[in-house]
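Beneath this line is the structure, given in structure tokens, with notes to follow.
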Amino acid sequence: MISDLPFGYILFAAFVFGLIIGSFLNVCIHRLPLSQSISAPRSRCPHCMATISWYDNIPLVSYVILRGRCRSCKAWISLRYPLVELLSGIFAVATVLRFGLTASGLGCYMLVCALIVVTFIDLDYQIIPDVITLPGVLAGFGFSFVMVDVSWKASLLGILAGGGSLLAVAWGYQFLTGKDGMGGGDIKLMAMLGAFLGPLGILFTLMAGALTGSVIGVALMIFRKEDGKMAVPFGPFLAIGAILYIFFGPPLVYWYLGLFSPPGA
Ligand SMILES: [Zn+2]
């Protein structure tokens, strides 16, 4: 049995598994916005188009051995590649620590992977691809039948609350300012988060996302003196909010509620 192995081995295996998944996430981040296939052809250097051989495509290791440069043309390889692999590896370990080897863990790790892809695509292109969020809504609802924390009713409610709340915000913003503020991609992202996390998770994600978004948004406005027109994508902040909820949600919620309970209660 895999669960009979020493815990350290399981964590190490999870890390390696996460690195390999991270390598696939990099392909998704690079190819999905360009509407290219994620299964074929083999990866190429974006500068010289040389096909990357398997030994130069080992997650994290190859980047270190090549010292961050393409073997044939010596162009710098984006730091995003090892960063995504490392993030994916760390979250795989964190998932095992938080959930063990359970269906809930698998569901949450899949969600985290989707959020990594969404975040980096949204940062580059200010879009959130439907090919991730729409199947994600279905996957979240499907997982609610095997996950312990979220029932299928909570999942349905989460889809409505997630999609509906942002739709209301978008309509309100449009009504007040006459401009499009929030993209449809954000709404579908929230519906996916709702499917996985339920209504409480949605509430937490919106609050944590708005909080980190406004802190970083204000910092950007102060340090980047550009004229008012700024496109700060909201997707990455929703992703941060959701990931905080997955790994720290219940303790944070109880701490927050505890702030309002009478002393000694
Ligand atoms: Zn090259």
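The values are calculated or read from the model by the stated rules, or taken from the named source; none is laboratory data. Bear in mind that the values here come from a model prediction, so they are computed numbers and not experimental data. All Cβ positions, even for glycine, are placed from backbone atoms using ideal geometry, and neighbour counts span all protein chains on display. Calculation scope for accessible area: heavy atoms of the full protein, side chains included, ligands and nucleic acids excluded. Shrake-Rupley method; radii C 1.70, N 1.55, O 1.52, S 1.80 Å.
Brief remarks on what is shown
- Qualifying residue in segment 119-136 (condition: open to solvent by 30 Å² or more (accessible area, probe 1.4 Å), closer than 21 Å to residue 237 by Cα and either outside the structural domain of residue 199 (by TED's automatic domain parsing) or not in a helix (DSSP H, G or I) (or both)): yes
- Some residue of segment 95-112 being more than 22 Å from residue 161 (Cα to Cα), of a type outside the set (S, T, N, Q) and not in a helix (DSSP H, G or I): yes
- In segment 68-95, residue nearest to the ligand (Cβ to nearest atom) [restricted to those that are closer than 19 Å to residue 123 by Cβ and small (Gly, Ala, Ser)]: 78
- When segment 46-67 is filtered for residues that are under 25 Å from the mean Cα position of the chain (by Cα) and within 12 Å of the ligand (Cβ to nearest atom), only 46 remains.
- Being in contact (Cβ under 8 Å) with a residue 12 or more places away in the chain and within 16 Å of the ligand (Cβ to nearest atom) holds for only one residue in 23, 43, and it is 43.
- Considering (1) part of a helix (DSSP H, G or I); (2) under 30 Å from residue 186 (Cβ atoms), the lone condition that residue 46 does not fulfil carries the number (1).
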